[in-house]
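A short worksheet on the structure shown next.
Just so it is clear, none of the values below were taken in a lab; they were calculated from the coordinates. These numbers were taken from a predicted model, which means no experiment stands behind them. Don't worry about glycine lacking a Cβ; one is built from the backbone with ideal geometry, like all the others, and counts go over all protein chains shown.
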There are 2 protein chains.
Amino acid sequence: MADRYANFANSGLGRTMVKRLGLPDPPRLRRHRPGDPLTTGPVLLGAAPGGRLAEPARKLLETSGVQVTDAVSTDTDPTGVRVGALVFDATGIRDSARLRALYDFFHPYARSLRSSGRVIVLGTPPEATGSPAEATAQRSLEGLTRSIGKEFGRGATAQLVYVAPGGETAVESTLRFLLSGRSAYVSGQVIRVGAGDAPAPADWERPLDGKLALVTGAARGIGAAIAKVLARDGAEVIALDVPAAGDALADVANETRGRALQLDLTAADAPSRLAGYLAAGPRAGVDIVVHNAGITRDKTIARMSEDHWDSVIGVNLSAPERVNELLLERGLIPSGGRIVGVASIAGIAGNRGQTNYATSKAGVIGLVQSYAPLLRDRGITFNAVAPGFIETAMTAKMPLGLREAGRRLNSMSQGGLPADVAETIAWFASPGSATITGNVVRVCGQSLLGA
Amino acid sequence: MADRYANFANSGLGRTMVKRLGLPDPPRLRRHRPGDPLTTGPVLLGAAPGGRLAEPARKLLETSGVQVTDAVSTDTDPTGVRVGALVFDATGIRDSARLRALYDFFHPYARSLRSSGRVIVLGTPPEATGSPAEATAQRSLEGLTRSIGKEFGRGATAQLVYVAPGGETAVESTLRFLLSGRSAYVSGQVIRVGAGDAPAPADWERPLDGKLALVTGAARGIGAAIAKVLARDGAEVIALDVPAAGDALADVANETRGRALQLDLTAADAPSRLAGYLAAGPRAGVDIVVHNAGITRDKTIARMSEDHWDSVIGVNLSAPERVNELLLERGLIPSGGRIVGVASIAGIAGNRGQTNYATSKAGVIGLVQSYAPLLRDRGITFNAVAPGFIETAMTAKMPLGLREAGRRLNSMSQGGLPADVAETIAWFASPGSATITGNVVRVCGQSLLGA
């Protein structure tokens, strides 16, 4: 499972060879450990004139103990600053001429960002702007942030966060996630924060205290990592997997001090058995549902068996769909609830030999997009992660050439870890993310692959 | 400008070496010549039960002189068929279980498709479906078609065409474009055809007869190709470019029997001078406006000059924006009008060294998305193409490694030609595309690059 090359490239001798031979240079990414500060240095905050997010962002950051340096001040000497993050409020950009404010901020300070630094551009969702010129200018921010993500390197990430008017105070969970090491492998993403308020958890290190979470496919790999991260963040976890994975599942349940539930979700009666189990529990419901269970059965469609089509669609798409329907129908997901799907970059870009898998994962995106608006009034959010190349037992079995291509063809020159996917899910699950719904966020190190 | 490797790989000796050494194998793509039939063989038509598009599609195809073979009939022997296209009506798929119909159609016939064959899946836009389950299933079609595009090879293309309910008869221009050699370098795309009727041109070989078209940046490269293809399709063309390109521009105007207009669109008075020119013309307006003029000034943002930022944003984004605003304000684009922008895959995915260019091209997408809904009532459509690696004088100057990567990292293993971009624009411009608006279609051979 280990990326031996990355370990080598970060060793003393390796570093020299990588430089001399022009080899891929995967940086050691900053990942979150409990107690870590949000950033590795001060946050340089800039804004286009007339923006509405710089001041709320400044307050949030200062309350979080982050030192904020002001880029607007002419006292700031670009040459001397070494910062952990560049945060720019672009909501004041109301036409294409004013895009120049982006250059004025990033040009002098681009080199001041430390390793594993963070770039966050705050904008207004184009669909929520006041004029086509403003919508156009705000839409163009995507090109900037995605280019910066590819340009800055050394483990830096770059994101565009569209905050709906009226969502100014709901952005804290997202800023915290994106600034911290929790988002190590998330870059080049466009995130939408909706209008409304989001309750701040009492303790940002344990935002899920008092919540009950269900994680499917939890016995190993990404699912086990999700269970562990949700438990670390305070949730009580029900780890679900098929009976055949019982031993590994018991280990995860023990480690997370949670419960193990053996169930094959493709069985006709599985949704009702699950609903019965949850209804009978002390909470008569579940706060967080993570549909992680998934399988691959790769073949070109000409060589694929009927069973390989049916089983992949069944496990990856129809099962979460049926489970959602029944849990929602029976009112087992209360207001404040969170549903998270696991899509894939194959579901976005398609993949040779994966017609079944890509169809199922594009369907997971469809689930999010079709259900999220319907669940808004019930106070439930529905989002998805779309993992790229993640180091698991599954990817370790890939042929060397494909594996190395998947690992290196992204802005981090390395694969992600299961924990990176789990951290992103934990951010969706946070009470602070109450106005974030309908998002599909890739956890792919800004993979070159897309559509 | 030529792709010498592709020529070599398609030569007698080259073919043998490519096979023996496992080299990239760029197929010779079928491209449209006037008089060519739509397809290279019969169209195999299939449908999920309960669909609404198979019968309209069958009629359109048969009227166009295409032989239609029915996949639903049990008489069809998969082993014997050799077809030019696989067309599948997926609108009957109303839940994830029924996705199985896709497998039942494509599994037996995947191998029957000829070189440069076509795969078209017809669906219902998820936002126009009757239930979340149907929306989910329709959304999942994206994963299927994009995977097929990567899987089939040999110059085959695969697209998903979402046809809004009530748009059944408006799909002809799109089917014709996608089946023909005009769409040689378009693959893996999702196209939306809106509700309503679209007038069929009297002659599909000259659909733009009687139309006046303005093409900016028309002196060379992609712009010159656009002028030529629009003229071939019957339009009278005003070829516009900066005065410095005057000689080349005159050549294009002569070749297309059109007019040359020397104008620097970034000048403050350029939009009003252009508007005056068009108002004074015999038509007092213009039917088709193609905003092709664009420049690159590549540098990382840390090394980029102010001027390089301003000029790229100015030419690529602000100029078309200002021209549109004035022409629309003065009523110089009549009902039936067409506006087409030229974005870029860099505007979708971002690119190292192109913060300015990617910002401007993402802005072009923003223009389309913000203006298209506003122009619907005026009978004007606004779409964009997003070229990938196109063989031009510009790409010929790229460093060898980058050039070869750009050329080969797509489903066609080769770069596209300027005419491929032009053909896509001509399809948007057709009277038959009256209900197609707000689309951004990549002309990239299904490049791996994306977001």
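The Rg/Rh ratio of region A:1-132, with Rg taken over Cα atoms and Rh as the Kirkwood radius over Cα pairs, comes to 1.07. Rounded to the nearest 20 debye, the dipole magnitude of region B:212-443 is 440 debye, with +1 charges on Lys and Arg beta carbons, -1 on Asp and Glu beta carbons, and the Cα centre as origin. Evaluating 6.51 cos²θ - 1.76 cosθ + 1.60 at θ = phi - 60° for every residue in region A:31-41, the Karplus couplings come out as 10, 6, 10, x, x, 4, x, 5, 10, 8, x Hz, glycine and proline recorded as x. The relative contact order of region A:31-193 comes to 25 percent, based on Cα pairs under 8 Å that sit 6 or more residues apart. Relative contact order, whole percent, for region A:304-430 stands at 26, derived from Cα pairs under 8 Å and 6 or more residues apart. Per residue of A:300-306, other chain Cβ atoms within 10 Å of the residue Cβ number 6 on average. Label-point spacing at B:Arg206 relative to the other copies reads 8.0 nm, in ascending order, each point sitting 7 Å out from Cα along Cα→Cβ.
For chain A, the Cα gyration tensor yields ellipsoid semi-axes of 35, 26, 21 Å (square root of five times each eigenvalue, largest first, whole Å).
May I ask what percent, to the nearest 5, of DSSP beta bridges between residues of region A:31-193 are antiparallel? Antiparallel: roughly 0 percent of the beta bridges in region A:31-193. Using only alpha-carbon positions in region A:1-63, the gyration tensor eigenvalues give semi-axes of 38, 17, 9 Å once each is multiplied by 5 and square-rooted (largest first). Bridges between two residues of the protein assembly as shown, per DSSP, are antiparallel at a rate of about 5%.
For B:Leu23 and B:Glu62, the FRET efficiency from 1/(1 + (r/R0)^6), where r spans their Cβ atoms and R0 equals 41 Å, is about 0.45.
In chain B, helices alone account for a calculated mean residue ellipticity at 222 nm of -11000 deg cm²/dmol, with every DSSP H run of four or more residues adding -39,500 (n - 2.57). Here A:Ser115 and A:Leu13 are evaluated by their C-beta separation; at R0 = 30 Å the FRET efficiency comes out at 0.90. Shape of region A:93-180 from its Cα gyration tensor (a ≥ b ≥ c, root eigenvalues): rounded if a/c is under 1.5, otherwise prolate when a/b > b/c, or oblate? The shape class here is oblate. Amide H contacts for A:Ile191 (H built 1.01 Å from N in the peptide plane; partners 5 or more residues away or on another chain; cut-off under 5 Å): A:Leu160, A:Val161, A:Tyr162. A simple charge model with +1 on the Cβ of Lys and Arg, -1 on the Cβ of Asp and Glu and nothing else charged puts the dipole of the protein assembly as shown at about 2340 debye relative to its Cα centre.
Here the translational diffusion coefficient of region B:315-451 follows from Stokes-Einstein with Rh set to the Kirkwood radius across Cα pairs; for 20 °C and 1.002 mPa s it amounts to 137 µm²/s. Charge dipole of region B:31-193 (Cα centre as origin; +1 on each Lys and Arg Cβ, -1 on each Asp and Glu Cβ, all else neutral): 580 debye, rounded to the nearest 20. Look at the Cα gyration tensor of the protein assembly as shown: its axes a ≥ b ≥ c give a/c of at least 1.5 with a/b at or below b/c, and that counts as oblate.
Per residue, the average separation of C-alpha pairs within less than 8 Å and at least 6 apart gives chain A a relative contact order of 16 percent.
Computed from the Cα positions only, the extents of region B:251-321 along the three principal axes stand at 49, 27, 18 Å, in decreasing order. Each copy carries a label point for B:Asn10 at 7 Å from Cα along the beta-carbon vector; from one copy to the others these points are 4.7 nm apart, nearest first. As a rough guide to protection, the peptides B:342-349, A:43-50, A:436-443, B:49-56 ranked by mean Cβ packing within 10 Å, highest first, stand as B:342-349, A:436-443, A:43-50, B:49-56. Shape of region B:212-443 from the C-alpha gyration tensor: rounded (a/c under 1.5, with a ≥ b ≥ c the square roots of its eigenvalues). Peptide B:363-376 shows a mean partner chain C-beta count of 5 within 10 Å per residue C-beta. Peptide A:336-347 has a mean of 1 when you count, residue by residue, the C-beta atoms of other protein chains within 10 Å of its C-beta.
Note on region A:216-290 and region A:436-451: Cα centroid distance 26 Å, given to the nearest whole angstrom.
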